[in-house]
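Read through the structure below, which is laid out as structure tokens, and then see the notes.
The values are calculated or read from the model by the stated rules, or taken from the named source; none is laboratory data. Quantities reported herein were computed from a predicted structural model and do not represent experimental measurements. Here the Cβ positions follow ideal geometry from the backbone for every residue, glycine too, while neighbour counts run over all protein chains shown. Accessible surface areas use protein heavy atoms only, side chains included; no ligands, DNA or RNA. Shrake-Rupley method; radii C 1.70, N 1.55, O 1.52, S 1.80 Å.
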Amino acid sequence: MLQPHQGPIAGTHYLPTTPDTCLWGRLPNRSHAEVLRVRSGETVTIDTLSHEGILEDQGRDPVGYLKQYDVPADGVLADARDLAASDVAHDYDDDGPHVVTGPIAVDGAQPGDLLRVDVLDLTIRAPYGFVSSRHGYGALPGDFPLTPIDTGPGSDPREYGSVCHFTEVVSSGGRLYGVLPFGDGRAARFPLAPFLGLMGVAVDTDEMVHSVPPGGHGGNLDINELQVGSSLYLPVQLPGAGFYAGDPHYAQGDGEVALTALEAPLRATLRLSVIPAAQAGQLVGAGEAPLAETATHWIPVGLDADLNEAMRRAVRAAVDFLARTQGMPRDTALAYLSAAADFEVSQVVDAVKGVHCLIRKADFPAHI
């Protein structure tokens, strides 16, 4: 267990998740005060919390809930216990599930700039997590979970028939794996590939912003490429940017079809840097939507409630990226994307669906 304030903390700043430093099911907007201020280029270590194990359909009592899986009380994170027992507002039916830590103000960030988020380290905080399916959600909402249809809003969420698969983490051969048992002593074992499902900037509105659908602000993007060594570029909407993070994952397949990935808490160390508006277009294109980057790929993103439109937006974003950053004619860019790029479905479960494009950097040497 990696409890708050314990173990290595690599960032210049440290932000634990407490009732005073997080929102539950909502994202920061212009009415939310910063919980931390950093200078551009500084690093921050955030102890993110998973919502699984503390939600109302699980009793909002992580010690009691995890006891059925033989997890002792000291095997439950103190910050999870504290948040579940707090008076932080959360409505299971109306709010998103995510614990959102922030906002963090970054000196110098202004609307029109980009906030670059470099993922420097992701350390697991617990040797277990959950993969969950809930009625009315997921890729097959009419088929799964295989429990009676829930009793609906206004009743006890513990009667909603959610199915949450406890998943142990084990070490083998120097790697960490999730273990999902399925009877007769058998289990599926899959490698962990941690990332933060939710990273974003504060939204320029006074309205409450639901944590589930992603958008131009980033948020619940669920792009599994955003592992250690990746970067995310977010168009700034408000002075200071108001960065936040949450929805930590230990592993996720493209699509996230059950509803959740392997949800579990992470200690994340990130570098937050401001890219002025004058430089933004040359680096990432139009800058109207988030863009991700790894050591090997550029990753434009398309988002829409309709999966076909999300695909079209991802293609347009990729064409624009190649035209602006590589000087590629737009019709040639489309031809290249058709021949060489992969378009992957990030997720289909967050109301606004996501498609991301993988463009190989190696295909664009400086001179041919």
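If you average 1/r across every pair of different Cα atoms in the stretch 272-332 and take the reciprocal, what Kirkwood value do you get, in Å?
Working: mean 1/r = 0.0815 Å⁻¹.
Hydrodynamic radius (Kirkwood, Cα only) of the stretch 272-332 equals 12.3 Å.
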Could you list which residues have their amide H under 5 Å from that of V212, counting only those 5 or more apart in sequence or on another chain, with H placed in the peptide plane?
-> G96
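With both bridge residues required to lie in the chain, what share of the DSSP beta bridges run antiparallel, to the nearest 5%?
Details: 74 of 82 bridges.
So the antiparallel bridges in the chain amount to around 90 percent.
Could you give the length gained on full extension between D91 and A305, defined as 0.36 nm per residue of separation minus the Cα-Cα distance, in nm?
Numbers: separation 214, 0.36 × 214 = 77.04 nm, distance 2.33 nm.
Full extension from D91 to A305 adds 74.7 nm.
With the Cα gyration tensor of the stretch 257-368 in hand, give its eigenvalues times 5 under a square root as the equivalent ellipsoid semi-axes, listed largest first in whole angstrom.
Working: eigenvalues 123, 72, 39 Å².
So the three semi-axes of the stretch 257-368 are 25, 19, 14 Å.
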The stretch 161-229, Kirkwood Rh and Cα Rg, ratio Rg/Rh at 1.13
Assuming a ≥ b ≥ c are the square roots of the Cα gyration tensor eigenvalues, decide whether the stretch 178-337 counts as rounded (a/c under 1.5), prolate (otherwise, with a/b larger than b/c) or oblate.
-> prolate
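What percent do you get for the relative contact order of the chain when only Cα pairs under 8 Å and 6+ apart count? If you can, show how the numbers build up before the last one.
Details: 961 pairs, mean separation 78.3, N = 368.
About 21 percent, as a whole number.
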How big is the Rg/Rh ratio for the stretch 102-154, C-alpha atoms only, Rh by Kirkwood, two decimals?
-> 1.22
What is the distance in Å between the Cα centres of the stretch 158-190 and the stretch 209-249?
-> 27
Please report, for the Cα atoms of the stretch 155-269, the Rg to one decimal and the Dmax as a whole number; what are they, in angstrom?
-> 16.9, 57
What do the square roots of 5 times the Cα gyration tensor eigenvalues come to for the stretch 313-368, in whole Å, largest first, as semi-axes of the equivalent ellipsoid?
-> 24, 11, 9
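Expressed as a whole percentage, what fraction of the accessible surface of the stretch 226-333 belongs to carbon and sulfur atoms when a 1.4 Å probe is rolled over the protein heavy atoms? Walk me through the numbers on the way to the answer.
On the way: 2020 of 3890 Å².
Summing carbon and sulfur atoms, their accessible area is 52 percent of the total for the stretch 226-333.
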Can you work out ³J(HN,Hα) from phi for every residue in the stretch 90-100, in order, using Karplus 6.51 cos²θ - 1.76 cosθ + 1.60 and θ = phi - 60°, giving whole Hz and x for Gly and Pro?
-> 7, 10, 4, 7, 9, 9, x, x, 6, 8, 10
Using modelled amide H (1.01 Å from N, peptide plane; none on Pro or chain starts), what sits under 5 Å from the amide H of Q347, excluding residues fewer than 5 places away?
-> G255, G354
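Rounded, prolate or oblate, given the Cα gyration tensor of the stretch 1-63, with a/c below 1.5 counting as rounded? Provide the component values of the computation, followed by the final result.
On the way: a/c = 3.15, a/b = 1.32, b/c = 2.39.
Cα axes put the stretch 1-63 in the oblate bin.
Report the extension gain between D184 and I149 in nm, rounded to one decimal, defined as 0.36 nm multiplied by the number of residues separating them, less their alpha carbon distance.
Using 0.36 nm per residue and subtracting the Cα-Cα distance, I get 9.8 nm.
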Roughly how many Å is it from the Cα centre of the stretch 331-365 to that of the stretch 22-56, as a whole number?
-> 29
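Mean projection of the alpha-carbon convex hull of the stretch 46-180 over all orientations, in nm²? The partial results should precede the final answer.
On the way: hull surface 47.2 nm².
For the Cα atoms of the stretch 46-180, the hull's average projected area reads 11.8 nm².
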Please report, as a whole percent, how much of the solvent-accessible surface of the stretch 16-69 comes from carbon and sulfur atoms (probe radius 1.4 Å).
-> 47
Put one equal scatterer on each alpha carbon of the stretch 252-293, apply the Debye formula with no solvent term, and list log10 I(q)/I(0) at q = 0.21 1/Å to two decimals.
-> -0.85
In a solvent-free Debye calculation with one equal scatterer on each Cα, what is log10 I(q)/I(0) for the chain at q = 0.10 Å⁻¹, listed in the order of the q values?
-> -0.61
In nm, spacing of pseudo-spin labels at D82 and E207 (7 Å Cα→C-beta vector) = 3.4
Between D121 and residues 5 or more places away or on another chain, which pairs have amide H atoms under 5 Å apart, with H built 1.01 Å from N, and which residues are they?
-> T269
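Please arrange T43, T123 by accessible surface area, largest first, computed with a 1.4 Å probe and ligands excluded. Kindly include the intermediate steps, with their values, before the conclusion.
Details: T43 20, T123 50 Å².
Correct descending sequence by accessible area is T123, T43.
If the viscosity is 1.002 mPa s and the temperature 20 °C, what Stokes-Einstein diffusion coefficient in µm²/s follows for the stretch 45-109 when Rh is the Kirkwood radius over Cα pairs?
Working: Rh = 13.2 Å.
For the chosen part, D equals 162 µm²/s.
Provide the per residue accessible area, probe 1.4 Å, for the chain, rounded to a whole number of square angstrom.
On the way: 15590 Å² over 368 residues.
Dividing the accessible area of the chain by its residue count gives 42 Å².
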For the stretch 118-195, what Kirkwood radius comes out of the mean inverse Cα-Cα distance, in Å?
-> 15.0
